[in-house]
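Readers should treat all values here as calculations from the given coordinates under stated rules, not as data from a laboratory. Small disclaimer: the values here were computed from a predicted structure and weren't measured. When we count neighbours, we look across all protein chains shown, and the Cβ atoms used for this are built from the backbone with ideal geometry, even at glycine.
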Amino acid sequence: MSKVYSVEEARKKMEYFCSYQDRCHAEVSARLRDMGMISQAIDVIMTKLIQDNYLNEERFARSFARGKHRIKGWGIPRITSELKLRSISLANIKAALTEIPADDYHENFDKLAEKKWQTTLEKDLLKKKKKVADFLLRKGFESQLVLDKIHQLGKS
């Protein structure tokens, strides 16, 4: 049998949930539904979390973009699609992408591509190019950027 939470208990749990990591509205709402809260209670709790600044969609989007780019090495298209999956508004997505300086973006892309090129042990040049290109595309980089880099790496 699952525990029944009062609105106050659920709000306190969500304050803690939001305080140790930025969360998006959809994530918190889903967590509240999992706790068995009714939609009116969810609305009240979400409003209170937003008012008390535990929940801030723009802050979430910005930290998500920074972290996924810096730590996971994701490209802008992948970050954008992941934010859209979390129902983040286009305005907040645009704000989040300003957290990634163009210089850093291209520098990280080049480092990632060159490292993958060096560590891919494929002898056949075409297969090696495909493996590295597939890797960079999975990371979410723009296809033209990937193609240009693969062409450059294939010549060296």
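Scanning the stretch 27-70 for residues that are among the β-branched types (Val, Ile, Thr) and part of a loop (DSSP other than H, G, I, E, B) yields a total of 1.
Looking across the stretch 68-81, the residues that are surrounded by fewer than 16 Cβ atoms within 10 Å (Cβ to Cβ), farther than 17 Å from Gln144 by Cα and not hydrophobic (A, V, I, L, M, F, W, C) come down to Arg70, Lys72, Ser81.
Among the candidates Tyr54, Tyr20, Tyr5, the residue that is over 24 Å from the mean Cα position of the chain (by Cα) and of a type outside the set (A, V, I, L, M, F, W, C) is uniquely Tyr5. Could you tell me whether any residue of the stretch 30-49 is without any contact (Cβ under 8 Å) to a residue 24 or more places away in the chain, of a type outside the set (Gly, Ala, Ser) and under 30 Å from Tyr105 (Cβ atoms)? Checking the stretch 30-49: not a single residue is without any contact (Cβ under 8 Å) to a residue 24 or more places away in the chain, of a type outside the set (Gly, Ala, Ser) and under 30 Å from Tyr105 (Cβ atoms).
Residue by residue, here is whether (1) of a type in the set (Lys, Arg); (2) farther than 30 Å from Gln152 by Cα holds:
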| residue | (1), (2) |
| --- | --- |
| Glu8 | no, yes |
| Arg11 | yes, yes |
| Tyr16 | no, yes |
| Phe64 | no, yes |
| Ile71 | no, no |
| Leu85 | no, yes |
